[in-house]
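A.B. asks: Here it is, the structure, as structure tokens.
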């Protein structure tokens, strides 16, 4: 059993064992008056541990254990926290506007975490299959270079074909000018590139030997530009989800603390 499979086995076993224990405690102690308070404090502790993972990544020089182990704890504790949240609500809808906001924030944090887990597992593997490593910050420079090369081929001093020039202006200039097909790249679709290549192929019947060579060079640049857009779409997704997940997490913590303050205040008032 390799290390990854061992981590998955240990994580799933721990998650199932903790979930079974939590459900058993709910079955036995749900009728106790302070059971919601106990589950609430347990839920707060779990959320704080989950939030500490981001701080651990920012302090790699401290002897706080391997980041890989923190990630595994973060993943499986996140799933367990979702169950704990349901137990805290007794698997019923929340009551009141504030509680709905708090529950909505929790759902958004959980959903963004699940999407992030999917992205971090799938997208890097897909990126490795398309054109090697591309530094995200260099993508605009590479795109401008490809556009310049394409313009020199079609519109430069050696350009003589008005048909090829017209085709470039109408169809290829917008393609090379900016990123394209963000969502289609996420879903692994290459239909737009195939359509452009098919339209370029249709122009071959009007092309002489010189234009045939230009079209061949254009096809290569189009494939490179499509691969560049693919890298941009996937890398931008990997970067963006953290800017959603982390602020939502801190928002959830703020709402949770305020929820505790309100609960304690009303409990003392009732007493």
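A.B. asks: May I ask you to compute the full-extension gain from residue 25 to residue 217, defined as 0.36 nm times their residue separation minus their alpha-carbon distance, rounded to one decimal in nm?
C.D. replies: Length difference between fully extended and current span is 62.3 nm.
A.B. asks: When the scattering of region 101-176 is computed by the Debye formula from its Cα atoms alone, each counted once and equally, what is log10 I(q)/I(0) at q = 0.13, 0.15 Å⁻¹?
C.D. replies: -0.67, -0.74
A.B. asks: Quick one, can you get me the convex hull of the C-alpha atoms of region 20-168 expressed as volume per residue in Å³?
C.D. replies: Enclosed volume per residue, from the Cα hull, is 221 Å³.
A.B. asks: Next question. Apply 1/(1 + (r/R0)^6) to the Cβ-Cβ distance of residue 12 and residue 138, taking R0 = 45 Å, and write down the FRET efficiency to the nearest 0.05.
C.D. replies: 0.70
A.B. asks: Cα axis of helix 67-88 to longest principal axis of the chain: angle in degrees, 0 to 90, nearest 10?
C.D. replies: Tilt of helix 67-88: around 60 degrees.
A.B. asks: With axes computed from alpha carbons, what is the tilt in degrees of helix 139-155 against the longest principal axis of the chain, rounded to the nearest 10 within 0 to 90?
C.D. replies: Orientation of helix 139-155: about 20 degrees from the principal axis.
A.B. asks: Related question: With N residues in region 136-235, what two-decimal value do you get for its Cα radius of gyration over 2.2 N^0.38 Å?
C.D. replies: The reported ratio for this selection is 1.07.
A.B. asks: So what's the angle, to the nearest 10 degrees on a 0 to 90 scale, between helix 209-270 and the longest Cα principal axis of the chain?
C.D. replies: Relative to the chain, helix 209-270 is tipped by roughly 20 degrees.
A.B. asks: Whole percent per 10 Å bin, from 0 to the bin with the longest distance: what is P(r) over all C-alpha pairs of region 3-92?
C.D. replies: So the P(r) values, bin by bin, are 15, 41, 29, 13, 1.
A.B. asks: Here's a follow-up. Cα centroids of region 175-252 and region 118-145: how far apart, whole angstrom?
C.D. replies: Here the two parts' Cα centres lie 12 Å apart.
A.B. asks: Specify which labelled value, from (1) 19.1; (2) 23.1; (3) 20.0, agrees with Kirkwood radius over Cα pairs in Å derived from the coordinates of the model shown.
C.D. replies: Read-out taken from this structure: (2).
Any read-out appearing in this document is the output of simple, stated calculations on the displayed coordinates, not a laboratory observation. Quick caveat, the model's predicted, so the values are computed rather than measured. Every residue, glycine as well, gets a Cβ built from its backbone with ideal geometry; the counts of neighbours run over all protein chains shown.
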